[in-house]
1. All but one of (1) buried (at least 17 other Cβ atoms within 10 Å of the Cβ); (2) modelled with pLDDT under 90 hold for Gly52, so report the exception by its number.
2. Which pairs turn up if I take residues in segment 74-98 that are in contact (Cβ under 8 Å) with a residue 40 or more places away in the chain and at positive phi and look for partners that are aliphatic (A, V, I, L, M) and assigned to a strand (DSSP E or B) with beta carbon separation below 9 Å, at least 6 apart in sequence or on another chain?
3. Given the condition open to solvent by 10 Å² or more (accessible area, probe 1.4 Å), part of a loop (DSSP other than H, G, I, E, B) and out of contact with any Phe, Trp or Tyr (no Cβ under 6 Å at 6 or more places or on another chain), answer yes or no: does some residue in segment 59-68 qualify?
4. Which condition breaks for Gly23 when tested against (1) among the small types (Gly, Ala, Ser); (2) in a strand (DSSP E or B); (3) open to solvent by 40 Å² or more (accessible area, probe 1.4 Å)?
5. For Lys175, indicate whether it is at pLDDT below 90, at positive phi, out of contact with any helix residue (DSSP H, G or I) (no Cβ under 7 Å at 6 or more places or on another chain) and basic (Lys, Arg).
6. Which numbered condition trips up Thr71, out of (1) on the phi < 0 side of the Ramachandran plot; (2) open to solvent by less than 50 Å² (accessible area, probe 1.4 Å); (3) of a type outside the set (Gly, Ala, Ser)?
7. With the requirement that a residue be open to solvent by less than 20 Å² (accessible area, probe 1.4 Å) and polar (S, T, N, Q), what does segment 275-288 give you?
8. Taking only segment 9-22 into account, find how many residues are in contact (Cβ under 8 Å) with a residue 12 or more places away in the chain and over 18 Å from Leu100 (Cβ atoms).
Amino acid sequence: MPYVDRQNRICGFLDIEENENSGKFLRRYFILDTREDNLVWYMDNPQNLPSGSPPVGAIKLTYISKVSDATKLRPKAEFCFVMNAGMRKYFLQANDQQDLVEWVNVLNKAIKITVPKQSDLLCQPDSSNRQVENPGGKKQVSYRTEIVGGVPIITPTQKEELNECGEEDDRNYLKRSQSHLPYFTAKPPPDNAVIKAGYCVKQGAVMKNWKRRYFQLDENTIGYFKSEQEKEPLRIIPLKEVHKVQECKQSDIMMRDNLFEIVTTSRTFYVQADSPEDMHSWIKAISGAIVAQRGPGRSAASMRQARRLSNPCIQRYTSRTGAFQLFFRIQLCFLFCQHRSHLTFHSLSQQRSGLKP
């Protein structure tokens, strides 16, 4: 689901057909910034990428004329919608129907806000020329102006302006990277049934760096893998060791959106989800698995005590120890009473001997 980040931008993951008519959709992290008047997409959340990593693609909002449902145009692509930008159609896939509706609405709303008036369009070429003539100390850049659908589109022709490029430069830029993040499909475990699975970003224990990991929750454990294709997990967290799962109170300090924490006996795991809905879904799923395993109202300490007492060997030892303690106490009471009666008899004998003439 699209959400608003700390910089008041609309963000979220979508799958985009980067090469036109290829039918291959790649997962990207989109940022809709109405103040900068552009829509950019990255390989991942920029917070998880090296500092200064460029976007995979970018498009000015003024280039987009319409955003609509594309189910009929692409019947094989589920939850598909299309952005009409000049002579190009960008096909994108949402995570579900609600995600599709929300993205279409926010994009159309952004277009209405940023589409210039007719008078502004007539003055736009002159203003751009003034910008080139008076760069204010910056490097001069050459532009190419095209009229598409009655709308003038100004495109930088130099490679230094890739972040603000138009439609043709977008295509050249997109060819440089064809790798993509794996889809959120569940991997069946060998033993326990999967309750929830998907990619999240986790903070490291030593270096405190953030890396994307594939998380998998089952009835007894929550584990994370380097990727969905890996068979051996990097770590498994038994649910019996988890004290609580909650939204992270230090998210403002860490400057991370959608952050939650898994508090265990030995460590607190900080995990970042892709959206607020995904974060709450993980918290609810893990909490539900803990309750199902322990039963309502039972803490981790009480579960350990119950498991210890339920062990037959410990039960036999406990029963034998209890019988021995009871026998020892009876013996002590008997000896104490015997000693007390002896002292009483001795004192009476002394009194009688003192009364004789």
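1. (1)
2. The qualifying pairs are Gly86/Ile64; Gly86/Val148; Gly86/Val151; Gly86/Ile153.
3. As a first pass, look at segment 59-68 and keep what is open to solvent by 10 Å² or more (accessible area, probe 1.4 Å): 60, 62-63, 65-66, 68.
Narrowing the set further to residues that are part of a loop (DSSP other than H, G, I, E, B) leaves none.
No: zero hits.
4. (2)
5. Values: at pLDDT below 90: yes; at positive phi: no; out of contact with any helix residue (DSSP H, G or I) (no Cβ under 7 Å at 6 or more places or on another chain): yes; basic (Lys, Arg): yes.
No: the conditions fail for Lys175.
6. (2)
7. Ser275
8. Restricting attention to segment 9-22, the residues satisfying the condition of being in contact (Cβ under 8 Å) with a residue 12 or more places away in the chain are 9-20.
Subsequent filtering for residues that are over 18 Å from Leu100 (Cβ atoms) retains 9, 18-20.
Residues in segment 9-22 being in contact (Cβ under 8 Å) with a residue 12 or more places away in the chain and over 18 Å from Leu100 (Cβ atoms): 4 in total.
The values are calculated or read from the model by the stated rules, or taken from the named source; none is laboratory data. Keep in mind the model is a prediction, meaning the values are calculated, not measured. Don't worry about glycine lacking a Cβ; one is built from the backbone with ideal geometry, like all the others, and counts go over all protein chains shown. The accessibility values were calculated without ligands, DNA or RNA, using every heavy atom of the protein model including side chains. Shrake-Rupley method; radii C 1.70, N 1.55, O 1.52, S 1.80 Å.
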